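Q: The following block contains the structure, expressed as C-alpha cells.
The values are calculated or read from the model by the stated rules, or taken from the named source; none is laboratory data. These numbers were taken from a predicted model, which means no experiment stands behind them. Methodologically, a virtual Cβ is constructed for each residue, glycine included, from the backbone with ideal geometry; neighbour enumeration extends over all protein chains shown. Only protein heavy atoms, including side chains, enter the accessible area calculation; ligands, DNA and RNA are left aside. Shrake-Rupley method; radii C 1.70, N 1.55, O 1.52, S 1.80 Å.
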Amino acid sequence: MDLSTEYLGLKLANPLVPSASPLSRDLDTVKKLEDAGASALVMYSLFEEEVREEGHLMDAYMYSQDIGHNEADGYLPTSEAYQTKTDEYLAHIFSLKQALDIPVIASLNGVTTGGWIDHALEIQQAGADALELNVYYIAADIQQSGREVEQLYLDLLIEMRKHISIPLVMKLSPYFSSVSNVVRELQQHGVNGVSLFNRFYQPGIDLETLGIIPELNLSTSHESLLAMRWIGILYGQVDLSLAATGGIHTAEDVLRMLLSGADVTHLCSTLLKNGPGQISIILSEMQAWMEEHEYDSVSQLKGSVSKLHASEPAAFERCNYLEVIRSYKT
Ligand SMILES: Cc1cc2nc3c(=O)[nH]c(=O)nc-3n(C[C@H](O)[C@H](O)[C@H](O)COP(=O)(O)O)c2cc1C
C-alpha cells in the first residue's frame, strides 16, 4: 500500500502531519510523533507580537536604565548574553533537525511585513525545510475594504518571496468573499501551498465581571467539513499544495479530506487529546479502509470526490442547498 504524498515539493511517507501546537516544543514528544508515523512536523509559531514586545522590553532594560554610574551599569545584562524568543526558536529548529528524520516546517504568526522578512531569513538559515505563514488578521477596521485585506496577504507574500527560497505555505482565514480567487492570486505570486483553514478563537463575555474572556475549545470532527468543501472546490483548479487543517480527528476525517483533494492533513486537537499514538491508530485504520475498498495508493484516492470529478459541478458548489434544508424533519 503506497501512502506517500507530495507536499510543498517534499516527498512524504503519508499524509499525516502534526500541525502547529505546543507538542512541537518538547523533543521527546516530537520523537514519539515521528515514531508513531508523522510524515512531517509543523512547529509552534514564532509570534510577531511576542518578538516585538520583547524588543521594547529589551530597549527599556538596555537604554532607559542607563543611570550613568559605570560600575552599576556593568551589572545590566549584555545583549549577547540574553536569549531572545527568536534565538530560542532558531535553536529549537536546529535541535528538531538533529533529532528527526522527517521534514520540519517552521511557522511565523503575524501581519506586518517589516520584521517578518528578517525572521524568515533566520528560520531558513537555521535549516527549516519550509515555512508556514499564519496571517492571524482580524479585519475589524470598518474603513478597510475586502480588497485591502487581500492585498495585505499578497504584499506579505511578495516581500517574502523576494528573499525566501524554501517553500512557503499560507495558513488562511475562511472569511474571504472569494476564497478560491485569493488562493489563485497567492499561487500567481509564488506561494507553494495553502493550509485551509486557520481556526479563529472567538472570545466570550464573563457575565459576572463583564470582562472579555479568551476561550479555547478543542475542535470536533464536524469542523472538518468547512475545509473539506473548499479543498473539494479548489482541487484541480489551482496548481499548489493543499493542506487541510481543522477538525481532523479520525481515519474517516483523513480519508474524506484526501477524497476531496488534500495533499496532507494537519492534526492538532486529536493529538492534544489522545497523544502521539493517535497517528498510528489513524494510519492503520486508513490502510484497513483502503484495502477493503481496493485502493492501492493515496494518489488514487486524491481528489476523486472533488468538484472536478462531480457529474454536476453546480450542485457540488451549492451542495444541494434546497435538498439539505428540506431534509430536516421537525
Ligand atoms: C493549544 C493550541 C496551540 C496552537 N498553537 C498554534 C501556533 O502556534 N500556530 C498556529 O499556526 N496554529 C496554532 N494552533 C492551531 C492549530 O495548529 C490548528 O490549526 C487548529 O487547532 C485546528 O486544528 P484541530 O482542529 O486539529 O485542532 C494551536 C492550537 C491549539 C489548540
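Q: Just to be sure I understand the model, the point goes 7 Å from the Cα along the line to the Cβ. What's the resulting Asn181 to Glu294 distance in nm?
A: 4.4
Q: Any chance you could list the semi-axes, whole Å, largest first, of the equivalent ellipsoid that the Cα gyration tensor gives for segment 192-256, using √(5λ)?
A: Over the Cα atoms of segment 192-256, the ellipsoid semi-axes are 31, 14, 8 Å.
Q: Find the Rg to Rh ratio for segment 107-168, where Rh is the Kirkwood radius over alpha-carbon pairs and Rg uses the same atoms.
A: 1.02
Q: Please give the helix 251-260 orientation as an angle from the longest Cα principal axis of the chain, in degrees from 0 to 90, rounded to the nearest 10.
A: 80
Q: Let me ask something else about it. Scan around Ser21 for amide H atoms under 5 Å from its own, H built in the peptide plane at 1.01 Å from N, and keep only partners 5 or more places away or cross-chain.
A: Those qualifying (amide H under 5 Å, at least 5 residues apart or on another chain) are Tyr44.
Q: What is the extension gain from Leu218 to Gln237, computed as 0.36 nm multiplied by their sequence separation minus the C-alpha to C-alpha distance, in nm to one decimal?
A: Contour length minus Cα-Cα distance gives 3.7 nm.
Q: So between Asp101 and His189, what do we pick up on full extension, going 0.36 nm a residue minus the alpha carbon distance?
A: Taking 0.36 nm per residue and subtracting the Cα distance, the gain is 28.6 nm.
Q: Translational diffusion coefficient, Stokes-Einstein: compute it for segment 242-291 using the Kirkwood radius over C-alpha pairs as Rh, at 10 °C and 1.306 mPa s, and state it as an integer in µm² s⁻¹.
A: 146
Q: Going by accessible area, probe 1.4 Å, with all protein chains left in place, what is the ranking of Ile325, Ile93, largest first?
A: Ile325, Ile93
Q: Over 23 Å between C-alpha atoms is what I'm after, so list which of Lys11/Lys273; Lys11/Lys97; Lys85/Lys162 land there.
A: Lys11/Lys273; Lys85/Lys162
Q: Also: For Ser327 and Ser304, FRET efficiency with R0 = 25 Å and r from the beta-carbon atoms, rounded to 0.05?
A: 0.50
Q: Using +1 at the Cβ of each Lys and Arg and -1 at the Cβ of each Asp and Glu in segment 181-330, identify which of Asn198, Ser269, Leu283 lies farthest towards the dipole's positive end.
A: Going by the charge dipole, the pick is Asn198.
Q: Can you give the % of DSSP beta bridges in the chain that are antiparallel, to the nearest 5?
A: Around 15 percent of the beta bridges assigned by DSSP in the chain are antiparallel ones.
Q: Could you tell me the ratio Rg/Rh of segment 126-275? Both radii from Cα atoms, Rh via Kirkwood.
A: That ratio is 1.00, to two decimals.
Q: Right, another one. Given N residues in segment 162-205, what is Rg(Cα) / (2.2 N^0.38 Å)?
A: For segment 162-205, the normalised Cα radius of gyration comes out at 1.40.
Q: With a Förster radius of 22 Å, plug the Cβ-Cβ distance of Leu225 and Ser280 into 1/(1 + (r/R0)^6) and report the FRET value to the nearest 0.05.
A: 0.30
Q: Over all directions, average the projected area of the Cα convex hull of the chain and note it in nm².
A: Answer in nm², one decimal: 22.7.
Q: Shifting gears a bit: Please work out how much length the chain gains when fully extended from Thr250 to Glu159, using 0.36 nm per residue of separation minus the C-alpha to C-alpha distance, in nm with one decimal.
A: Extra length from Thr250 to Glu159 when fully extended: 29.0 nm.
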